[in-house]
Structures are given as C-alpha cells and as structure tokens.
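The values are calculated or read from the model by the stated rules, or taken from the named source; none is laboratory data. All of these numbers come straight from a predicted model, not from anything done at the bench. Don't worry about glycine lacking a Cβ; one is built from the backbone with ideal geometry, like all the others, and counts go over all protein chains shown. To get the accessible areas, we keep the full protein, side chains included, count just its heavy atoms, and leave off ligands, DNA and RNA. Shrake-Rupley method; radii C 1.70, N 1.55, O 1.52, S 1.80 Å.
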Amino acid sequence: MSFIQHELMGNQTDPISKDDDLLGGGHIDSMGIMRLVAFLETEFGVSVPPADVTIENFETPQTIADYVQAACRGRS
C-alpha cells in the first residue's frame with residue numbers, strides 16, 4: 001500500500017485501508033492503475049495482461065494483493 005499511498009495519491013496524509021475502493025473512492029485514476037501495473041510487474045516479476053486489468057482485480061489494495069499472490073503462484 002506504500003506505493004499507492006506515496007506514488008499514486010501524492011503522499012496524502014489520510015491512510016487507506018486494505019478494503020478502500022481505489023477507483024470509486026477517487027484515490028487513483030486510470031493512469032494511476034497503469035503506473036500500478038508497471039510497479040507490480042517490476043516489483044513482483046509478474047506479467048499483468050490487459051485482460052486482467054479489471055475492477056475485480058484492482059478495486060482495493062486487498063484485491064490487488066490477492067491478484068499478485070495468485071499470479072506469483074501461477075509462476076511456480
């Protein structure tokens with residue numbers, strides 16, 4: 001969540017929780033999602049195909065973590 005908080009939300013002082021709606025809550029926009037995807041691919045070594053960039057996978061920090069964990073398991 002640190003990347004989201006500091007890089008995508010401009011260091012806002014209000015913390016986000018694992019269940020905050022990132023897009024619907026106005027925390028990040030579509031460009032932010034693209035930056036987040038690039039970060040995840042670099043940081044975790046996963047490939048995020050365009051078809052996977054959905055609200056279901058990127059709605060909250062928790063759904064993002066779940067997606068990354070599944071993608072990492074799929075690599076093994």
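Quick notes
- Largest first, the three principal axis extents of the alpha carbons in the chain are 37, 21, 20 Å in whole numbers.
- Highest average first, the peptides 21-30, 57-66 ordered by how many other beta carbon atoms sit within 10 Å of their residues are 57-66, 21-30.
- Protein accessible area in the chain, 1.4 Å probe - carbon and sulfur %: 53
- Ordering 65, 24, 5 by Cα displacement along the dipole of the chain toward the positive end leaves 65 in first place; charges were set at the Cβ atoms of Lys, Arg (+1) and Asp, Glu (-1).
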